[in-house]
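Here the structure comes first, spelled out in structure tokens, and everything after it is commentary.
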Amino acid sequence: MKVDPRAALVVGISAVSTASILIRLSTSPPLVIAGYRMLFSSIIMGLLGIDGINDLKEINGREIMLLLVSGASLGAHFGTWTASLFYTSIAASTVIVDSSPIFVVIISWIFLKEKVNAREATGIAVSILGAVIIAVGHAEFKTNLYGDFLALLGAIFLAIYLVIGRSLRRKLGLAPYTFSVYGIAAIVLLSSALSLGNSLAVNTRELLIFLLLALGPSCLGHNSYNYALKYMKASVVSASILGEPVGASLLGAVLLGEIPSISTIVGGGIVILGVYLTVFGKNE
């Protein structure tokens, strides 16, 4: 049965927007939250795509290395971004981490020698301006600045994951690819949590939060985007993902009483505009 891709995007944005709220409701350390989220996501995608797991036997040594780097980058993304939510506002964190398309363009320019056109360059400049405004607004709050920096690292690591995935997805189906990278990310995150002295023993409430993170934002949310990509332009789908900061901020305001500051609203809006220009600049 074909689902309207526009409806799929609405479902995807709604599901992904709940991630920040669920993370805030957890009392576990960030690496434990992110690690269990990836572990459950890997199990779910493995079960859903068990018929395609044999695809993994077809990849060569170089592709295995890329898969490991991709998974480790995804783990670093979720680890840093999850931690950022404990130090800065939901609005600032989600706006900054969703600026990853900016870094995709920059990384592709540096390492893949892909040209940057005028609209992409403008988008990058606009986004930097927006990030500066957010940072200036947080200047007197060192904790917030630290959270903003973690979200920025999350955006960079996500961009690395996306650039590598562009190559690997030509050979691997969605289920075996996500099963693999989610599993690698889980190993990286949970082993890092243990090395820092975090316990992996959690109660039923925490496990339920982790499962909801895996089912909603990870599997339903991101797979809704992937479904929409089959019927809609990639630039349109990418731009629609910018609805996450808006959705997450609204949920944060309603459910947690967290009202974004003026600098975050203004700077965040400018960052979103910059990312929008960059995404559509790819079509030039």
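The values are calculated or read from the model by the stated rules, or taken from the named source; none is laboratory data. Nothing here was measured: the structure is a model prediction, and the numbers come from that model. A quick note on method: Cβ atoms are made from the backbone with ideal geometry, for glycine too, and the neighbour counts reach across all protein chains shown. In case anyone asks, the SASA skips ligands and DNA or RNA and just uses the protein heavy atoms, side chains included. Shrake-Rupley method; radii C 1.70, N 1.55, O 1.52, S 1.80 Å.
Could you size up the charge dipole of segment 94-194 around its Cα centre, putting +1 on the beta carbon of Lys and Arg and -1 on that of Asp and Glu, and report it in debye to the nearest 20?
520 debye
Using a Förster radius of 25 Å, what is the FRET efficiency between residue 24 and residue 128 based on their Cβ-Cβ separation? Nearest 0.05, please.
Efficiency computed from Cβ-Cβ geometry: 0.35.
Which of the three applies to segment 39-184, rounded, prolate or oblate, going by the alpha-carbon gyration tensor with a ≥ b ≥ c and a/c under 1.5 meaning rounded?
Taking the square roots of the gyration eigenvalues as a ≥ b ≥ c, segment 39-184 is oblate.
Summing Lys, Arg as +1 and Asp, Glu as -1, what charge do residues with Cβ under 10 Å from the Cβ of residue 217 carry, residue 217 excluded?
0
Using just the helices of the chain, give the 222 nm mean residue ellipticity in deg cm²/dmol: DSSP H runs with n ≥ 4 each add -39,500 (n - 2.57), and the total is spread over all residues, rounded to 500.
Helix-only estimate at 222 nm: -24500 deg cm²/dmol.
So which trypsin sites (Lys or Arg not before Pro) in segment 149-203 end up in coil per DSSP with only 12 or fewer other C-beta atoms within 10 Å?
In loop regions of segment 149-203 (DSSP not H, G, I, E or B), the sparsely surrounded trypsin sites (Lys or Arg not before Pro) are 170.
Separation between the residue 4 and residue 201 pseudo-spin-labels, each 7 Å from Cα along Cα→Cβ, expressed in nm?
With each label placed 7 Å out from Cα toward Cβ, I get 5.1 nm.
Starting from a Cα-only point model with no solvent, please compute log10 I(q)/I(0) by Debye for segment 2-51 at q = 0.18, 0.30, 0.31 1/Å.
Rounded to two decimals, the profile gives -0.78, -1.02, -1.03.
How do 245-253, 108-116 rank on mean C-beta neighbours within 10 Å, highest first?
Result, highest mean Cβ count within 10 Å first: 245-253, 108-116.
How big is Rg to Rh over segment 57-137, alpha-carbon atoms, Rh as the Kirkwood inverse-mean-distance radius?
Rg/Rh for segment 57-137 comes to 1.07.
7 Å from Cα along Cα→Cβ at both residue 43 and residue 143: what's the point-to-point distance in nm?
Result: 3.4 nm between the two label points.
What accessible area per residue, rounded to a whole number of Å², is obtained for the chain using a probe radius of 1.4 Å?
Accessible area per residue, the chain: 47 Å².
Lysine pairs in the chain with alpha-carbon atoms under 27 Å apart, 8 or more places apart or on different chains: how many are there?
17
Given q = 0.08, 0.15, 0.17 Å⁻¹, what are the Debye log10 I(q)/I(0) values for the chain, with equal point scatterers placed on the Cα positions and solvent ignored?
Debye intensities relative to I(0), on a log10 scale: -0.31, -1.20, -1.55.
Given the convex hull over the Cα atoms of segment 142-252, what projected area results after averaging over all orientations, in nm²?
9.1 nm²
Viscosity 0.692 mPa s, temperature 37 °C: give me the Stokes-Einstein translational D for segment 107-177 in µm²/s, with Rh taken as the Kirkwood radius over C-alpha pairs.
Rounded, D is 224 µm²/s.
For 258, 58, what's the largest-to-smallest order of accessible area, 1.4 Å probe?
Largest accessible area first, the list is 58, 258.
Quick one: with all protein chains in place, what share of the accessible area of the chain is carbon or sulfur, to the nearest percent (1.4 Å probe)?
Answer for the chain is 70 percent, counting heavy atoms of protein chains only.
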